[in-house]
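Enquirer: Sharing a structure below in C-alpha cells format, with a few things to ask.
The values are calculated or read from the model by the stated rules, or taken from the named source; none is laboratory data. A quick note: this is a predicted structure, and the numbers were derived from the prediction, not measured. No Cβ is skipped: glycine too gets one built from the backbone with ideal geometry, and neighbour counts run over all protein chains shown.
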Amino acid sequence: MDLPYGVDVSVPSVARMYDSLLDGKDNYPADRAACEELLLHVPSMRELALNNRQFLRRVVHSLAADHGIRQFVDHGSGLPTRDNVHEIAQRVDPASRVVYVDNDPIVRAMGGALLESNDRTAVLQADFRDTDTVFASEPVRRLIRPDEPVAALFVSVLHCIPDSSGPAELIARVAERLPVGSMMVVCQLVSASEQVRDFVTRFMDEQTRGHWGRVRERADVEAFCAPLDLVEPGLTEVSAWRPQQDEVPAQVTWEWEEYGGVGFVRR
C-alpha cells in the first residue's frame, strides 16, 4: 500500500508501535526501535499489549452476546489486526454495525481497504476528542441509529491525550450523546510508580513528537468512569476482567498495568 500523503514513518506512532507489539506487519523501523527502547525500561510491555487485545475481544463479545449491543463506536481504534471489533460483534450477529475512529491516516487507508466490502463497518479519520465532529460524521449518521443502545469504546487510548484535553470531560460528553441502554468501555495505562509514570510519559511524548498524554493512576480512571454504572468485576487490571483459559501469559513484572472496566451509561 502506498503511504498517505504527508505521513512521516521516521516518527513513531502509537498505533504502529502497538501493531509491532502484537507482531503485526504494518509498522516501520522507527516504531520497532521505540518499542525495543521502551521494553528496556518496562519489560512487561509486550504481555500488557497482548492482554489488552484479549480484553477487547472478551469485552466486545460480552457487549454483543450478553447485553445485546449491535452498534459500536471505537474511539482511537488503531490499525486493523486479528479479531477486530466488527469481526467479533458480527460473529454474534452479522447485522452488527461498527464505526472506527482514528486520526492516523494510515489507519484510515488500511481500514478502508479492509472494509470496502463490509457495508456495516466504516473508518472515520478524525480526532476522537472532537465529539461533535465524530457524531455528526457521515459514517456515524449512516450506521449508528440514535434510538438504539451503542457501545462506545475507549480501549487503551486515554493515555494518548493530555490532561489539557480533559479525558474525564470527554467521557462525560460522549455519555451524554448515547441513547438509553448504552454502554462504555474505558481503560488506560496506569502505574503506582511515579518514576515509571514520568519516564514513559516523557519518552513517548518525545518519540511521537507530542502525540501522547500520560501514564496515570488508578484513581484517575475511577474519575473517568463517573458517568457509568460498572458491571462485574468493576474496575480491574484488564487480564482479570472475566478471564478465560486460553489467555496469553500473565505479565512477569508489574511496573505498570492496563486498568479499566465496562459499564452502563447512568441516566
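Enquirer: (1) over 24 Å from Asp23 (Cβ atoms); (2) of a type outside the set (Val, Ile, Thr); (3) surrounded by fewer than 19 Cβ atoms within 10 Å (Cβ to Cβ); (4) out of contact with any helix residue (DSSP H, G or I) (no Cβ under 7 Å at 6 or more places or on another chain): which one isn't true of Gly261, the others all being true?
Expert: Of (1) over 24 Å from Asp23 (Cβ atoms); (2) of a type outside the set (Val, Ile, Thr); (3) surrounded by fewer than 19 Cβ atoms within 10 Å (Cβ to Cβ); (4) out of contact with any helix residue (DSSP H, G or I) (no Cβ under 7 Å at 6 or more places or on another chain), only one is false for Gly261: (3).
Enquirer: Among residues belonging to the range 171-186 that are assigned to a helix (DSSP H, G or I) and among the aliphatic types (A, V, I, L, M), point out the one that is surrounded by the fewest Cβ atoms within 10 Å (Cβ to Cβ). So that I can check it myself, show each step before the final result.
Expert: First, the residues of the range 171-186 that are assigned to a helix (DSSP H, G or I): 171-177.
Checking the rest, the ones that are also among the aliphatic types (A, V, I, L, M) come to 171-172, 174-175.
On the way: Ile171: 23, Ala172: 14, Val174: 22, Ala175: 20.
For the range 171-186, the residue satisfying everything is Ala172.
Enquirer: Continuing with this model, one more query. What number of residues in the range 125-136 are under 22 Å from Leu63 (Cβ atoms) and either in contact (Cβ under 8 Å) with a residue 60 or more places away in the chain or not hydrophobic (A, V, I, L, M, F, W, C) (or both)?
Expert: To start, the set of residues in the range 125-136 that are under 22 Å from Leu63 (Cβ atoms) comprises 128, 131, 134-135.
From what is left, the residues that are either in contact (Cβ under 8 Å) with a residue 60 or more places away in the chain or not hydrophobic (A, V, I, L, M, F, W, C) (or both) are 131, 134.
Total meeting the criteria: 2.
Enquirer: Do any residues in the range 141-170 that are more than 22 Å from Val262 (Cβ to Cβ) and in a helix (DSSP H, G or I) have Cβ atoms under 9 Å from those of residues that are at pLDDT 95 or above and hydrophobic (A, V, I, L, M, F, W, C), where the two are at least six apart or on different chains, and which pairs are they?
Expert: Once the first residue is more than 22 Å from Val262 (Cβ to Cβ) and in a helix (DSSP H, G or I) and sits in the range 141-170, its partners that are at pLDDT 95 or above and hydrophobic (A, V, I, L, M, F, W, C) give Arg141/Phe135; Arg142/Val99.
Enquirer: What are the residue pairs meeting all of these: first residue in the range 66-83, first residue free of Cβ contacts under 8 Å to residues at least 24 places away in the same chain, second residue of a type in the set (Ser, Thr, Tyr), Cβ atoms under 7 Å, and 6 or more apart or on different chains?
Expert: Matching pairs, first to second residue: none at all.
Enquirer: Okay, next question. Pull up the range 238-267, narrow it to residues that are of a type in the set (Val, Ile, Thr) and not in a loop (DSSP other than H, G, I, E, B), then point me to the one that is farthest from Leu38 (Cα to Cα).
Expert: First, pick out the residues of the range 238-267 that are of a type in the set (Val, Ile, Thr): 238, 248, 252-253, 262, 265.
Imposing the further condition that a residue be not in a loop (DSSP other than H, G, I, E, B) reduces the set to 238, 262, 265.
On the way: Val238: 21, Val262: 29, Val265: 36 Å.
The extreme case among them is Val265.
Enquirer: Quick one: Ala168 ticks every box in (1) in contact with a Lys or Arg (Cβ under 8 Å, 6 or more places away or on another chain); (2) closer than 24 Å to Asp132 by Cα except a single one, so which number is it?
Expert: For Ala168, the exception is condition (1).
Enquirer: Further, regarding this structure: If you check Val185, Val200, Val196, which single one turns out to be in contact with a strand residue (DSSP E or B) (Cβ under 7 Å, 6 or more places away or on another chain) and not small (Gly, Ala, Ser)? Walk me through it before giving the result.
Expert: On the way: Val200 fails: in contact with a strand residue (DSSP E or B) (Cβ under 7 Å, 6 or more places away or on another chain); Val196 fails: in contact with a strand residue (DSSP E or B) (Cβ under 7 Å, 6 or more places away or on another chain).
None of the other options fit; the residue is Val185.
Enquirer: Something else: Out of the residues in the range 3-57 that are of a type in the set (Gly, Ala, Ser) and outside any helix (DSSP H, G or I), which is surrounded by the most Cβ atoms within 10 Å (Cβ to Cβ)? Spell out the reasoning first.
Expert: Taking the range 3-57 as the starting set, the residues that turn out to be of a type in the set (Gly, Ala, Ser) are 6, 10, 13, 15, 20, 24, 30, 33-34, 44, 49.
The next check asks that each one be outside any helix (DSSP H, G or I); those that pass are 6, 10, 13, 24, 44.
Details: Gly6: 6, Ser10: 8, Ser13: 26, Gly24: 17, Ser44: 17.
Among those residues, the one meeting the criterion is Ser13.
Enquirer: Can I ask one more? Looking only at residues in the range 187-202 that are part of a helix (DSSP H, G or I) and touching a residue at least 60 places away in the same chain (Cβ under 8 Å), which one is surrounded by the most Cβ atoms within 10 Å (Cβ to Cβ)? Steps first, please.
Expert: Keep residues of the range 187-202 that are part of a helix (DSSP H, G or I), which gives 194-202.
Still in the list and also touching a residue at least 60 places away in the same chain (Cβ under 8 Å): 196, 199-200.
Numbers: Val196: 17, Phe199: 17, Val200: 23.
That would be Val200.
Enquirer: Counting only residues that are modelled with pLDDT under 95, of a type in the set (S, T, N, Q) and either buried (at least 19 other Cβ atoms within 10 Å of the Cβ) or under 22 Å from Gly263 (Cβ atoms) (or both), how many does the range 58-94 have?
Expert: 2
Enquirer: Among the residues of the range 203-246 satisfying the criterion of being within 11 Å of Gln188 (Cα to Cα), out of contact with any Cys (no Cβ under 9 Å at 6 or more places or on another chain) and hydrophobic (A, V, I, L, M, F, W, C), which is surrounded by the fewest Cβ atoms within 10 Å (Cβ to Cβ)?
Expert: Val215
Enquirer: Being touching a residue at least 12 places away in the same chain (Cβ under 8 Å), assigned to a strand (DSSP E or B), closer than 27 Å to Arg141 by Cβ and within 13 Å of the chain's Cα centre (by Cα) is the requirement here; does Val60 meet it? Talk me through it step by step, then tell me what you get.
Expert: Details: touching a residue at least 12 places away in the same chain (Cβ under 8 Å): yes; assigned to a strand (DSSP E or B): no; closer than 27 Å to Arg141 by Cβ: yes; within 13 Å of the chain's Cα centre (by Cα): yes.
Here the answer is no, as Val60 does not meet what is asked.
Enquirer: Here's a follow-up. Taking the condition of being in contact with a Gly (Cβ under 9 Å, 6 or more places away or on another chain) and under 15 Å from Ala15 (Cβ atoms), how many residues in the range 47-81 meet it?
Expert: 4
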